[in-house]
1. So how much slack lies between Ser99 and Asp237, counting 0.36 nm per residue of separation and subtracting their Cα-Cα distance, in nm?
2. Please give the FRET efficiency for Ser91 paired with Ala245, using the beta carbon to beta carbon distance and R0 = 41 Å, rounded to the nearest 0.05.
3. May I ask you to list the trypsin sites (Lys or Arg not before Pro) in region 208-268 that are in a DSSP loop and have at most 16 other Cβ atoms within 10 Å of their Cβ?
4. Tally Lys and Arg at +1 and Asp and Glu at -1 over the other residues with C-beta under 12 Å from the C-beta of Leu122: what net charge comes out?
5. State the extension gain, in nm to one decimal, for the chain segment bounded by Asn73 and Phe121, taking 0.36 nm per residue of separation less the distance between their alpha-carbons.
6. Of Leu242, Thr92, Asn198, whose Cα points farthest to the positive end of the dipole of the chain (charges on the beta-carbon: +1 Lys, Arg; -1 Asp, Glu; origin at the Cα centre)?
7. Where a ≥ b ≥ c are the square roots of the eigenvalues of the C-alpha gyration tensor, would you call the chain rounded, which needs a/c under 1.5, or, failing that, prolate if a/b is larger than b/c, or oblate?
8. Looking at the square roots a ≥ b ≥ c of the eigenvalues of the Cα gyration tensor of region 68-108, which shape do they give, rounded for a/c under 1.5, prolate if a/b is larger than b/c, or oblate?
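What follows is calculated from the coordinates using simple rules that are stated; it is not laboratory data. These figures come from a predicted structure and were not determined experimentally. Cβ: placed from backbone, ideal geometry, glycine included. Neighbour counts: every protein chain shown.
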Amino acid sequence: MGRMLLILSAVTSALCVHANNDVEASLLQTRTRDDGKPGKVVSFEIYNHCPSKVHLEGWDCELESHVGCYFINETILCSQEGESSTCHGKSTRRGGDGSRIQWFFVDDDTVKQYFEISQPFLMGPGDRIGAVSFSDWQGFSMAASFRAQASQSDCTLVCEDPGGYTTYPNPTKVDGKYQCSFPKFASSKDNYLCRAPNVSSRIDAIWDNTKVYLPDPSKPQFFEKTGHITNYPCNDDCVNKLGLAGKAGALLNCNGAPFHLKIDLCKD
């Protein structure tokens, strides 16, 4: 019981203070390697900073606003404030194909977002994981981030391409309805809150609001070590013209290292 309370307390605490990227680069951790294999997600957490309760697809449960849940071993543990969340106590193993981590607001399912995952897919803690990226040219709704770090309480970055984040304004309600913060992006196509009117050329709202951890000093969208990005800023034809084909993906250079995957929804 004591250990469980410690974990739940840790979920609620902002134990990881994100240093600037220069400092984090100097902390890049050398860990036990297993060359040639994807990184191993020993545990992960999802923290909902959003103003609304969110539904986590695959786990088919709801996470309360301003609550975090910790996925380790067999059972999801949520913070004490979140024990009313239907995720608390459920199995950490998800359903579906594991190719996305996707969520949406319970009070408006157009407010949704996801990360794409290439094989091997993430079904639960203990799995190895393929490349992870956003694909926001198809639509987006909120800021989000993912990062591979040493543990829940140790923010030391584990990979050379440890994750990425977006800095979109988070959705707010106007006259009782969530509004896209980019006026010309309001669209019902594919049921997203925000979608660019033209996806055949670089979407600056996506490009300018996407960053990586451990970036190239002159290009915050690119990892310094790998030259990859974490978000395609337009459709496939456009991406090819920009010379970005095949360059989206984080967690490709972890050399099989074990890590904790930290995911924040609506993170400012």
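1. Details: separation 138, 0.36 × 138 = 49.68 nm, distance 2.24 nm.
Using 0.36 nm per residue and subtracting the Cα-Cα distance, I get 47.4 nm.
2. Computed FRET efficiency for Ser91 and Ala245: 0.65.
3. Passing sites in region 208-268 are Lys225.
4. Details: positive: Lys40, Arg93, Arg94, Arg100, Arg128; negative: Asp97, Glu116, Asp127.
Around Leu122, the charge tally is +2.
5. Value of the extension gain: 15.6 nm.
6. Ranked along the dipole, the leading option is Leu242.
7. On the way: a/c = 1.66, a/b = 1.09, b/c = 1.52.
Cα axes put the chain in the oblate bin.
8. Oblate.
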